[in-house]
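Worksheet for the structure shown next.
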Amino acid sequence: MCRNIVEQLFFGDICPSEHIGNDSSEYQKAKSLLTDAKAKFSQCLSEADREEFQRLEELQNKAAGIYSHECFVYGFKLAGSLLMEVVGGNKGCSSINNQD
């Protein structure tokens, strides 16, 4: 069954975070360098320090996830506002800043 984009979004068929950066050779290279550097650094640490470093990485990943979510939401609102202005011919002053 072929679903339109709104239906795909509703049913979870569209997941932008799964597609961003995955095909970029620059991203893959940076990710590989980071992974190697973390492994090398981790080898220099005591067991207690490795556990603390792991906790720091988890916090960093959580913060990055929140930031990615906020970027997606803002971008989605911006795209919707742009579309409304283009289609509606809104000549007024519009802003998506400070909107929930």
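All of the numbers you see were taken from the coordinates with simple rules; none came from a lab. Predicted model, so just to flag it, every value in this text is computed and none were measured. Here the Cβ is made from the backbone with ideal geometry for all residues, glycine too, and neighbour counts use every protein chain on show.
A few notes on this one:
- In this structure, Lys77 does satisfy being assigned to a helix (DSSP H, G or I), touching a residue at least 12 places away in the same chain (Cβ under 8 Å), of a type in the set (Lys, Arg) and surrounded by 11 or more Cβ atoms within 10 Å (Cβ to Cβ).
- Cross-chain or 6+ apart pairs with Cβ under 9 Å, the stretch 54-68 first and more than 16 Å from Phe41 (Cα to Cα), then in a helix (DSSP H, G or I): Gly65/Ser17; Ser68/Ser17
- A single entry from Ala48, Ala63, Ala30 fulfils the requirement of being in a helix (DSSP H, G or I) and loosely packed, with under 10 Cβ neighbours inside 10 Å: Ala48.
- Candidate set from the stretch 2-18 (those that are surrounded by 11 or more Cβ atoms within 10 Å (Cβ to Cβ) and charged (D, E, K, R)); member that is nearest to Gly80 (Cα to Cα): Glu7
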